[in-house]
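A quick write-up on the structure given underneath.
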Amino acid sequence: MLGAIIRLNRLGFRSTIEPAQLTIRDDKHDHELRDVMRWAVDGTGKQLTIQWQPGKGDFGTGKGIRVCVERSAFRDGSQPVNDRECWQIGTDLL
């Protein structure tokens, strides 16, 4: 299954992230992808895995996504200074 993984060192995610707390945008066309993706936080709160829903698409090559997580999706006492944290992620396999 194609997707992206975000691993945190200092901060921690809450056990679940609500759709309103997450933005997933395609770099090439600037489309919102949240409705065709699924996501989960691991038991430690240190890893967020984002994957395509089965049969909903793929990234192709030479593309990227921008993932933004609102401050409210982080654990109390482990929240970023900013209102949200964002990552630019290339989608090509290494």
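The values are calculated or read from the model by the stated rules, or taken from the named source; none is laboratory data. Remember, predicted model here, so these are calculated numbers, not experimental data. Cβ atoms come from the backbone with ideal geometry, glycine included; neighbour counts cover every protein chain shown. With ligands, DNA and RNA removed, areas are computed over all heavy atoms of the protein, side chains included. Shrake-Rupley method; radii C 1.70, N 1.55, O 1.52, S 1.80 Å.
The table for this structure:
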| item | result |
| --- | --- |
| Conditions (1) under 15 Å from residue 90 (Cα atoms); (2) modelled with pLDDT under 95: number failed by residue 57 | (1) |
| Tally of residues being under 21 Å from residue 9 (Cα atoms), surrounded by fewer than 16 Cβ atoms within 10 Å (Cβ to Cβ) and more than 12 Å from the chain's Cα centre (by Cα) across the stretch 36-52 | 3 |
| Close pairs (6 angstrom Cβ cut-off, 6 or more residues apart or separate chains): within 16 Å of residue 83 (Cα to Cα) and open to solvent by less than 90 Å² (accessible area, probe 1.4 Å) in the stretch 1-29, part of a loop (DSSP other than H, G, I, E, B) and of a type in the set (S, T, N, Q) anywhere | 11/78; 12/78 |
| Pairs, first modelled with pLDDT under 95 and open to solvent by 60 Å² or more (accessible area, probe 1.4 Å) in the stretch 72-94, second part of a loop (DSSP other than H, G, I, E, B) and among the small types (Gly, Ala, Ser), C-beta under 8 Å, six or more apart | 92/62 |
